[in-house]
1. Of everything in segment B:130-146, what is modelled with pLDDT under 95 and either of a type in the set (Lys, Arg) or touching a Lys or Arg at 6+ places or on another chain (Cβ under 9 Å) (or both)? Give them in sequence order.
2. Does segment B:85-92 include one or more residues that are buried (at least 20 other Cβ atoms within 10 Å of the Cβ) and closer than 16 Å to B:Leu131 by Cα?
3. If I filter segment A:91-109 for residues that are over 19 Å from the mean Cα position of the chain (by Cα), under 22 Å from A:Pro41 (Cβ atoms) and either surrounded by fewer than 21 Cβ atoms within 10 Å (Cβ to Cβ) or hydrophobic (A, V, I, L, M, F, W, C) (or both), do I get at least one hit?
4. Within segment B:103-119, count every residue that is surrounded by fewer than 20 Cβ atoms within 10 Å (Cβ to Cβ) and either in contact with an Asp or Glu (Cβ under 6 Å, 6 or more places away or on another chain) or under 26 Å from B:Leu23 (Cβ atoms) (or both).
5. Name the pairs whose Cβ atoms lie under 7 Å apart, with the first residue in segment A:115-137 and on the phi < 0 side of the Ramachandran plot, the second surrounded by 11 or more Cβ atoms within 10 Å (Cβ to Cβ) and in a loop (DSSP other than H, G, I, E, B), and 6 or more positions between them or separate chains?
6. Only one of these conditions is not met by B:Tyr120: (1) under 13 Å from the mean Cα position of the chain (by Cα); (2) part of a strand (DSSP E or B); (3) of a type in the set (Phe, Trp, Tyr). Which number is it?
7. Out of everything in segment B:40-68 that is among the acidic types (Asp, Glu) and within 18 Å of B:Gln107 (Cα to Cα), what residue ends up being modelled with the lowest pLDDT?
8. State all residues of segment B:93-119 that are among the acidic types (Asp, Glu) and within 10 Å of another protein chain (Cβ to nearest Cβ); if no residue qualifies, say none.
Amino acid sequence: MRDLVMRYLRCDLRRLAVFVSILLTSFAPPISAQEREMIIPVPQSAYSQAVKVKGGTLLFLSGVGPADEKGVLSAPGDFRGQVRAMWENMRRIMAKAGGSLDDIVTMTVYTTERRWGEIFTDMRKDVFKSGYPSSAFVEARKLRTPGAFLEIQAIAVLKE
Amino acid sequence: MKIVVVGSFLLLNLVGFASAQELKKEFVDPIPQDSRSTAVKVKGGTMLFLAGHTASQPVPDADLGNFDAQFKATFDKIKTTLTKAGGTFDDIVSMSVFMTDLRYIPQFNKLTKELFKNGYPAVTFVEVSHLARPQSLIEIQPIAVIP
């Protein structure tokens, strides 16, 4: 008798579990989890050959350079200082958009100082914690802020 | 009865997927004086990746050194491409602007103000030494998301 009751209960519990799981998927956002895969990472230069991503919200950024919010150049003549200022600006913009630096999937790096490319890629190793975005590195003659050594145009995919 | 309940939840799921395709767009930190947004956030819609567009013929060299004429001709061509794809200027979310002289930026900003009615795209300016044609002053590579 006890066995029969248990069997009945178990069966009913199973039905309940199916019902609850269907109920839960109804309330979950349609694309709940973002899938992301870094293809052929190149850790020595802190980039990936490709980033595969499914789901999420796209974020297209204007070029971010080493200028403060008033447009005044930070660290004139100092490449490392400008790289730091640029990442700080990027961090602030990503936070404002509801994400973080790790949401960046690709970037085009425009620089007036190609010879300092290795300094840039070395410093980039500390920026990304969960895989490197894809990247291109291009020499430009001039950038929007006079005296700026670099500007980055990024695309991010936010998790939401 | 149970089938009806389960069925209705499945239907709810499908509706959720359908509405996910609707375009949601947000302009993050717009900078109106520069006719651009710091970033543009989009979910859903159909993406359109455009080639770099430049002014070109009909009359060779008619646009030589004339920034306003090249700007207009470039955006006329972008409009043709967008229209063909079922979009408008307002669907542009990002532009890479390559120019041989960045001193045209204020003029560029003045002219773009009239193009975007519902919010500005993200814009990156880059000065390059040459474009495809020797007389080209500007090339624009946009990305659009069409509702």
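1. The one that is modelled with pLDDT under 95 and either of a type in the set (Lys, Arg) or touching a Lys or Arg at 6+ places or on another chain (Cβ under 9 Å) (or both): B:Arg133.
2. First pass over segment B:85-92, keeping only residues buried (at least 20 other Cβ atoms within 10 Å of the Cβ): B:87, B:91-92.
Subsequent filtering for residues that are closer than 16 Å to B:Leu131 by Cα retains none.
Scanning segment B:85-92 turns up no residue that is buried (at least 20 other Cβ atoms within 10 Å of the Cβ) and closer than 16 Å to B:Leu131 by Cα.
3. Start the filter on segment A:91-109 by keeping residues that are over 19 Å from the mean Cα position of the chain (by Cα), which leaves none.
Among the residues of segment A:91-109, not one is over 19 Å from the mean Cα position of the chain (by Cα), under 22 Å from A:Pro41 (Cβ atoms) and either surrounded by fewer than 21 Cβ atoms within 10 Å (Cβ to Cβ) or hydrophobic (A, V, I, L, M, F, W, C) (or both), which makes the answer no.
4. Here the count works out to 8.
5. Here the result reads A:Thr121/A:Ala46; A:Arg124/A:Ala46; A:Lys125/A:Ala46; A:Phe128/A:Ala46; A:Tyr132/A:Ala46, each pair linking segment A:115-137 to a residue that is surrounded by 11 or more Cβ atoms within 10 Å (Cβ to Cβ) and in a loop (DSSP other than H, G, I, E, B).
6. In the conditions (1) under 13 Å from the mean Cα position of the chain (by Cα); (2) part of a strand (DSSP E or B); (3) of a type in the set (Phe, Trp, Tyr), B:Tyr120 misses (2) alone.
7. Step one: filter segment B:40-68 for residues among the acidic types (Asp, Glu), giving B:61, B:63, B:68.
Right, trim to within 18 Å of B:Gln107 (Cα to Cα) and you get B:63, B:68.
Values: B:Asp63: 71, B:Asp68: 92.
Ranking the candidates gives B:Asp63 first.
8. Kept after step one, since they are among the acidic types (Asp, Glu), are these residues of segment B:93-119: B:101, B:114.
Passing the criteria: only B:Asp101.
The values are calculated or read from the model by the stated rules, or taken from the named source; none is laboratory data. Keep in mind that this is a model prediction, so the values were computed, not measured. Counting neighbours? That spans all protein chains shown, and the Cβs are built from the backbone with ideal geometry, glycine included.
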